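Okay, structure first, notes after.
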Amino acid sequence: MSHPARGMLSLEALRQRIEDGSIDTVIAVFPDFYGRLVGKRITGEFFLDHTVGHGMHACDYLLTVDMEMGVIEGYDFANWEAGYGDFHCVPDWGTLREVSWLEGTALVFCDLEREGEGGGVVAVAPRTMLKRQIERLAAAGFTAQCASELEFYLFKDSYEGARQKSFEGLEPFGWYIEDYHTLQATKAEPIIRAVRRHMSASGVPVEFSKGEWGPGQHEINLRHGEVLETADRHALYKHGFKEIAWQQELAVSFMAKWRTDLAGSSMHLHLSLWQDEDNAFVGDLNEGPLEVSETFRHFLGGWMKHARAVSPFYAPYPNSYKRYVSQSWAPTNFAWAIDNRTAGFRVIGNSGSRRIESRIPGADANPYLAYAATLAAGLDGLANRIEPPPLFEGDVYGAQGFERVPANLHEATDELEASAMLRCAFGDEVIDHYVHFFRTEQAKYDEAVTSWERERYFERG
């Protein structure tokens, strides 16, 4: 089950560290729609005197703006007519930790509540959405153990240098395919080691790192944990990795597809359900060489039935869908198989480690939304005893008769908007909010003129 993590702090321990001067800053954060951490840096003394008892405030427009912080109209949650007020940020003290790559700094995640009459939680906040599905899962008698397996590309350019190059002609760490290649991984070890060390010291325990398929592509595997804990670790890991890269004048990218001719970067999502100390996916039903439970079958059945509807939470940008290419290690069909990397759902592990790995999410996914949507789909499978399709053997890329991953964000958002299951699980307010978010992201992309278009049409069009 969960492992104790170094770097976690009790409130009393933080108080002592602030009083002895070893910590002078506390960062209070929450995830936005993109999975980015936003919030404030608070002086240690003020944090103890005020924030501990009263939380903090932030502008509610943060759950409506786009990636450029542009104000987007059309949201009911916050808008010009309502004046863009504040919401209340309430620290979750179980997330308090030291951040070892920033001197004298601690960090805590916050949950969001509405201000004023009525109050209540902010339903559209990603962390709230996940917590509500965890509550539904608990009511069904289960907890979830999860892990995020993130791939990324490393660059010798800094973020500032990459922008000066208009993000063209960047130099990755490596010029040949390096999957599991120890020599090539050594070249990136100064930054990879720093990330492993700092994460493990900051409440984000790491198992291992390795070179991945693409030149300059790697992955660092984090330990599994309870699902909310895993989402927090995932978000802090991505944020911290970028800061550590910036400190070394390098860059890391979690884009789903950074270059047409190279493999994309995934977020392989691992999940198992538990009842007390027992893995609820293990049972006496035979699926090939596996012995599984009805819980396994029905959770998987719901997950697969609603896979197209939850796709925007796995692949949130127009770029995300360019990762789904045949024989690219990213899935194109919704099939399930045993230890088969061509399938969208890969079943691995024995006995206590039995789990389902979904290979559909990209490294650009917001972990809170991805895990929340997964639990909602699986819970529907449990409630309605949904059976998965037959176990598949062979090359899923060439298989016929399976539903396919949506071709683009347009198509995926249509599926999300029409999903009665997701509307029941999250509420119309939440789904309509995210439909507007994804349609805005698609519209921004559709309006842009790209270097590909100029190269193709400038002279010859």
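Here are some notes:
- Within region 295-324, tally of residues that are outside any loop (DSSP other than H, G, I, E, B), open to solvent by 10 Å² or more (accessible area, probe 1.4 Å) and over 15 Å from VAL347 (Cα atoms): 5
- Within region 399-426, the set of residues being touching a residue at least 40 places away in the same chain (Cβ under 8 Å), over 28 Å from PHE142 (Cβ atoms) and over 25 Å from the mean Cα position of the chain (by Cα) comprises just one member, ALA399.
- Residues considered: ASP86, ASP66, ASP24. Of these, the only one that is of a type in the set (D, E, K, R), touching a residue at least 60 places away in the same chain (Cβ under 8 Å) and under 26 Å from THR440 (Cα atoms) is ASP66.
- Screening ALA330, ALA372 for residues that are assigned to a loop (DSSP other than H, G, I, E, B), touching a residue at least 24 places away in the same chain (Cβ under 8 Å) and open to solvent by less than 10 Å² (accessible area, probe 1.4 Å) leaves exactly one candidate, ALA330.
- Residue ID - modelled with the highest pLDDT, chosen from residues in region 166-199 that are among the basic types (Lys, Arg) and surrounded by 15 or more Cβ atoms within 10 Å (Cβ to Cβ): ARG196
- Restricting attention to region 266-294 and to residues that are modelled with pLDDT under 95 and in a loop (DSSP other than H, G, I, E, B), the residue that is least open to solvent (accessible area, probe 1.4 Å) turns out to be GLY288.
- Of the residues ALA343, ALA315, ALA330, the single one that is at pLDDT 95 or above and among the hydrophobic types (A, V, I, L, M, F, W, C) is ALA315.
- Residue check, HIS50 closer than 26 Å to GLY116 by Cβ and in contact with an Asp or Glu (Cβ under 7 Å, 6 or more places away or on another chain): no
- Answer residue from region 87-118, given it is part of a loop (DSSP other than H, G, I, E, B), open to solvent by less than 30 Å² (accessible area, probe 1.4 Å) and not aliphatic (A, V, I, L, M) and is farthest from HIS239 (Cα to Cα) among those: GLY104
- Pairing residues of region 172-196 that are more than 12 Å from GLY214 (Cβ to Cβ) with residues that are assigned to a helix (DSSP H, G or I) and open to solvent by less than 10 Å² (accessible area, probe 1.4 Å), at Cβ distances under 6 Å and at least 6 apart in sequence or on separate chains, gives ALA194/ILE244; VAL195/PHE241; VAL195/ILE244.
- If you check ARG163, ARG233 for being open to solvent by 30 Å² or more (accessible area, probe 1.4 Å) and either touching a residue at least 60 places away in the same chain (Cβ under 8 Å) or part of a helix (DSSP H, G or I) (or both), only one passes: ARG163.
- Answer residue from region 69-83, given it is over 22 Å from TYR445 (Cβ atoms) and free of Cβ contacts under 8 Å to residues at least 12 places away in the same chain and is least open to solvent (accessible area, probe 1.4 Å) among those: GLY83
- The requirement of being touching a Cys at 6+ places or on another chain (Cβ under 6 Å), closer than 30 Å to THR440 by Cα, open to solvent by less than 60 Å² (accessible area, probe 1.4 Å) and of a type in the set (Phe, Trp, Tyr) is fulfilled nowhere in region 33-48; no residue meets it.
Quick grid of which residues meet (1) of a type in the set (A, V, I, L, M, F, W, C); (2) within 19 Å of GLU168 (Cβ to Cβ):
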| position | (1), (2) |
| --- | --- |
| ALA251 | yes, yes |
| LYS257 | no, yes |
| LEU262 | yes, yes |
| SER266 | no, no |
| SER272 | no, no |
| ASP278 | no, no |
| LEU285 | yes, no |
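The values are calculated or read from the model by the stated rules, or taken from the named source; none is laboratory data. Just so it is clear, the structure is predicted and the values come from calculations on it, not from any experiment. Cβ: placed from backbone, ideal geometry, glycine included. Neighbour counts: every protein chain shown. Accessible surface is based on the protein model in full, side chains and every heavy atom, while ligands, DNA and RNA are left aside. Shrake-Rupley method; radii C 1.70, N 1.55, O 1.52, S 1.80 Å.
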